[in-house]
Amino acid sequence: MTIPSQPPSKIPWTPLILTMLTQAAATMAAYTLSTASPHIAPDLGVENEDVAQLVAIVYGVGAISALFAPPLVHRFGGMAISLAICTAAGAMHMIAAISDTILMLGVAAIALGCCYGMTAPSSSHVLAKLAPAKRRNVIFSIRQIGVPLGGILGGLLIPPLILLGGWRLAFSAQLVFVLLLALSIYMVRHRYDFDRDHYRRIFRPSGPARVIGLLRELPELRALAFVSVIYSGIQLCFGAFLVTQIVRMHAQLPYHFVNAEEAYLFASATALVTFQLSGIATRIVLGFVADAWVSARTLLAIQGMLMGISAIIAAQYDSLWPLWLILANTALAGATASAYTGLAFAEFARIGGPPRAAETTGLGAALMFGGVAIMAPLFRLGIDVFGGYAVPFLVIAALAFISAAVLILFREKPVVLSDPRPHQTD
């Protein structure tokens, strides 16, 4: 194969769309566990929370898989790993569809988690070597649309599928999409996996330590790493707890809703869709702004300050607030806490450069999953300890402001990594 020696000059749409859809498929699979939990739980003889908490297993195993991903990406190629992610999602759907115990459903969650953390390293490895520098932020922002897209698809498609044929159909139907996506990736993967290292060892016990060691080798990563942990935790706190907070207030107002169940359905649907749609639209806008006018690092700091403001507003909610005003703040939360990931992964990829984009973005993914695993339970504990949402939201507001300050004050000198390998255009 003849590989052009000049860097790419246009957006590589084919791998970009395929990796975005891979992220969406994996995210939708994870969301199905929580969305369908009220229907799964009675069949398996467990509580709703037992099923919904399986998502934590997906993220926990995903954090580990992100650290082990880089050698696999270099050995087999980023698109090949995307194919493996689709395979893992397909295995999850098949196991879930035939599960008759919560233990078996847990195995399905583990199957998805084994490759879920590899979505960022695999796609970043491909896009970092193909993306023109002047389009890097918008390309990574579009790739990250797969996360809210998967959440929206899960919220819109899973309930009708459950009503049509039960929760097992909800898993089985997704298997069709995953298989078609896997076939599409298989047909083009050799075109983009042209830089495979056939002699790279695919497993080293010290592999995760090497990835974490990048924080020492590349000082520019440190502030970004800290911010990624905090921002990801704030993202889940907003996404998961704004809904329940709204329900607590509005379920008690008969002039808004007929009963509590109607309040739950309306509030959860409107809040989640508002949060996710705001995140999708803002991702693209921020990507263009970062490429043209303001650096990604500065935009991430601004997002942190706006997250803090949104959290302070959320701490003031009470039953007298109109729902439209709460949803306006939910949109602000989505535009900041949900939309930051595209810029963050673009920065991880920039700092690592094409040779180490899989390593730096793998580190970023593991840190983000870790932030979710740490902050969400603490936020939930705070609600119980302080008897409400006000103090927990004020705490995450303070963390958001601190993170923004860290990005502004701690600017390490970049470490330049040369990339002797040529590039291929789309």
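Residue check: is LEU394 open to solvent by 40 Å² or more (accessible area, probe 1.4 Å), assigned to a helix (DSSP H, G or I), at pLDDT 95 or above and not polar (S, T, N, Q)? Considered against the rule, which asks whether it is open to solvent by 40 Å² or more (accessible area, probe 1.4 Å), assigned to a helix (DSSP H, G or I), at pLDDT 95 or above and not polar (S, T, N, Q), LEU394 comes out as yes. Of the residues making up segment 126-183, those that are among the β-branched types (Val, Ile, Thr) and assigned to a helix (DSSP H, G or I) are VAL126, VAL138, ILE139, ILE142, VAL147, ILE152, ILE158, ILE162, VAL176, VAL178.
Of the residues in segment 271-282, at least one is in contact with a Leu (Cβ under 9 Å, 6 or more places away or on another chain) and among the hydroxyl-bearing types (Ser, Thr, Tyr). Here THR101 meets the list (1) among the hydroxyl-bearing types (Ser, Thr, Tyr); (2) open to solvent by less than 10 Å² (accessible area, probe 1.4 Å); (3) closer than 24 Å to SER172 by Cβ almost entirely, failing just condition (2).
Could you check how many residues of segment 202-223 are assigned to a loop (DSSP other than H, G, I, E, B) and touching a residue at least 40 places away in the same chain (Cβ under 8 Å)? Summing the residues that are assigned to a loop (DSSP other than H, G, I, E, B) and touching a residue at least 40 places away in the same chain (Cβ under 8 Å) in segment 202-223 gives 6.
The single condition among (1) at pLDDT 65 or above; (2) outside any helix (DSSP H, G or I); (3) more than 23 Å from LEU127 (Cα to Cα); (4) among the hydroxyl-bearing types (Ser, Thr, Tyr) that TYR199 does not satisfy is (3). All of PRO42, PRO71 fail the test of being open to solvent by 20 Å² or more (accessible area, probe 1.4 Å), free of Cβ contacts under 8 Å to residues at least 12 places away in the same chain and either assigned to a helix (DSSP H, G or I) or under 30 Å from PRO355 (Cβ atoms) (or both), apart from PRO42.
Being without any contact (Cβ under 8 Å) to a residue 60 or more places away in the chain and open to solvent by less than 10 Å² (accessible area, probe 1.4 Å) is the filter; apply it to segment 107-140 and report the residue that is nearest to the chain's Cα centre (by Cα). Across segment 107-140, the extreme among qualifying residues is GLY113. When THR22 is tested against (1) open to solvent by less than 10 Å² (accessible area, probe 1.4 Å); (2) more than 19 Å from the chain's Cα centre (by Cα); (3) touching a residue at least 60 places away in the same chain (Cβ under 8 Å), only condition (2) is not met.
The values are calculated or read from the model by the stated rules, or taken from the named source; none is laboratory data. Note that the coordinates shown come from a computational prediction; the quantities given were computed from them, not determined experimentally. A quick note on method: Cβ atoms are made from the backbone with ideal geometry, for glycine too, and the neighbour counts reach across all protein chains shown. All accessible areas refer to the heavy atoms of the entire protein, side chains included, with ligands and DNA or RNA removed. Shrake-Rupley method; radii C 1.70, N 1.55, O 1.52, S 1.80 Å.
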